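This report concerns only the one structure given below.
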Amino acid sequence: MFLLTIMTFALLHMLPGDPAEVLLGSAEKDLSPQELQSIRHELGVDKSLPEQYIGWLRQVERGHLGRSYRDGREVTDIIYERLGATSALVGSALLVALFLGVGWGVAMVWLRSTTNGKFLESVLASGALILYCLPSFWLAFLLIGWIATTQFPQIKLLGVHPPGESGIDLANLLLPALILASRRTAKFALLVRSSMTAELVKEYVRTAYSKGVPKSIILFKHVGKNSLGPIIALLGLSVPALIGGSVLVETVFAWPGMGRLAVDATFGRNYPILLGLTLVYGTLVIASNLASDVIHHLVDPRIELEENAMTFDRMRG
Amino acid sequence: MRYRPALLLGVTLLFIPLAMAFSAPFFAAPNSALSPFSLDLDHVNLPPGSVGHLLGTDHLGRDLLSLAAWGARASLLVGLCSAFTAVLIGSVWGATSAFAGGIVDAILMRTVDVLLSIPSIILLLVIDAVLADLPFGKILPAPIVAMLGITTYSNGFLPLFTVVLVISSTTWLEAARLTRSRVQSIMSEEYVAAAKALGLNSWSIIIKHLLPNASNIILVEATLLVSDAILIEAGLSFLGLGLGPATPSWGGMLNNAQANLLSGNWWSVFIPGSLIAITVLSIQFITQES
């Protein structure tokens, strides 16, 4: 965490462009150097870098992330406003990807064991692979275009709620969450299929079959339990991937979340906001990694940390 | 050689974007009527299969086949260059880390861990902001500026250079982790211990044992990074941080086509996206089989 703050601070201060000039835009030419200096002093960017860093860290301790260069509001407030929308989006996408993907994967394994489900299984598997290769924002374009031309009044296209209301409307959440979850769902389906397949050839499965245990119990109770590990590991890795994807999906659907804030802050060179966002995102990612490690350990106490690192290397993003 | 349908399918699919990339200058030269820059406002939003425009036109009357073919060149070039840079940096970083061990290993790998904990798109945005504002024309030595084609009037290859740098500066992290774990497992093999016992110095071990044995997995990673880079480029272009309007690319086409959707021109969105999907899919097929 500490390293994270130093690195983000260093990275952001490599950004060229004087925030005072960005804030004032073209008006800056009419100002005297003294006035410019006083604005820099007000923003605190006239001190040396270590001083700025220590000052910033002290404020973080007290829950302040500084003020936005653009409108002078507290960064904490701005991010807090946006946090709800993004967590609703990422959280529901994670749930969709988990349940849809695991269901899809189990369906494929189940179909393979039936007498004439092989073909259907290969169709489902290719479907998952193709879905994994589609850029999510492209899928969003096509869906928006299709829905807008065919008129489905039930499905809301843009924004978080109808004009004039507040809160997050489920009808508005549906499409962005499905789109954001699309590639993850395919990833979960493929992972469930491969890890269950790897379990199915083990000897305990053959023993269970020969003992006369019903197929559904073998599949869900024995094999299912043993292939949970990789799924939990992927669950932890999905949080940063979904957060990354949310930047694009939020832009497509005019979703007022942190992703769009980050894009706007990049174009506006709004360091305090970018810095705060990086910190919030980094914390979320570290927390989700930690949570998946802990759950993994609870489910399977044999798992050591080093082994988890190995699974990370095997399962790219 | 045994029959491998997925590999065959992958190579066949990959042939589509490759053929487009190679044929672009022949059927759509920059000065011809079919060039990706020639606007034809009398023939906007033509559907696929129209006379003279096989894949139709976009909202400015540009030929979509020509745009897609030139876009294939840019997108594949970005993919290859970014993957090459990322793998080069990542494998050297990871191999050094595994080979040196101890405190060097700790410092190098903690750096990678911290950078990995920032979602890559945020890192992309920040790096893009850094690079976009640097006055490259003044920083870089004159021969490189000339090579990149930067003049007072045009940025030349600069956007390409920037995008490649931006993409590879986030994707090398995975390559570094992968190389490190691979090199570490090779280092614990007995033949490396034997080579050490025989008195081979470090460089001979690296060249004779580490590189040949790690190259396989690094090559697969590089291929996957090509498809990642193509997807990232599309995303960056969509946000308006890509190659810019002067270079047609699939991501740029998607960005332009956004405006066409509501007028019913779905094919100008469909074509670049499906080309991206075909390329990524073919790479997935090929790497799964190797």
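By the count of neighbouring beta-carbon atoms within 10 Å, fewest first, A:Lys187, A:Lys202 end up ordered A:Lys202, A:Lys187.
Counted by neighbouring Cβ atoms within 10 Å, the residues B:Asp105, A:Asp77 run from fewest to most as A:Asp77, B:Asp105. Loop-located chymotrypsin sites (Phe, Trp or Tyr not before Pro) in region B:79-109 (DSSP state other than H, G, I, E, B) with a sparse environment of at most 11 neighbouring Cβ atoms within 10 Å are absent.
Computed from backbone phi with θ = phi - 60° and the Karplus coefficients 6.51, -1.76 and 1.60, the 3J(HN,Hα) list for region B:110-127 is 5, 4, 4, 4, 4, 5, 5, 7, 8, x, 4, 5, 5, 4, 4, 4, 5, 5 Hz; x is used for glycine and proline. Residue by residue, region B:189-197 carries 3J(HN,Hα) couplings of 6, 6, 5, 5, 4, 4, 4, 5, 5 Hz when phi is fed to the Karplus relation 6.51 cos²θ - 1.76 cosθ + 1.60 (θ = phi - 60°); x denotes Gly or Pro.
For the set A:Lys118/A:Lys221; A:Lys202/A:Lys225; A:Lys118/A:Lys225, the pairs lying more than 21 angstrom apart at their alpha carbons are A:Lys118/A:Lys221; A:Lys118/A:Lys225.
Between B:Ile207 and B:Thr111, 0.36 nm times their residue separation minus their Cα-Cα distance comes to what?
In short, 31.9 nm is gained.
Per-residue 3J(HN,Hα) values for region A:256-262, derived from phi via the Karplus relation 6.51 cos²θ - 1.76 cosθ + 1.60 with θ = phi - 60°, read x, x, 6, x, 5, 4, 5 Hz in sequence order (x marks Gly and Pro).
Rule-based calculations on the coordinates, nothing more; no lab input. Remember, predicted model here, so these are calculated numbers, not experimental data. In this analysis, Cβ positions are derived from the backbone assuming ideal geometry, glycine residues included, and neighbour counts consider all displayed protein chains.
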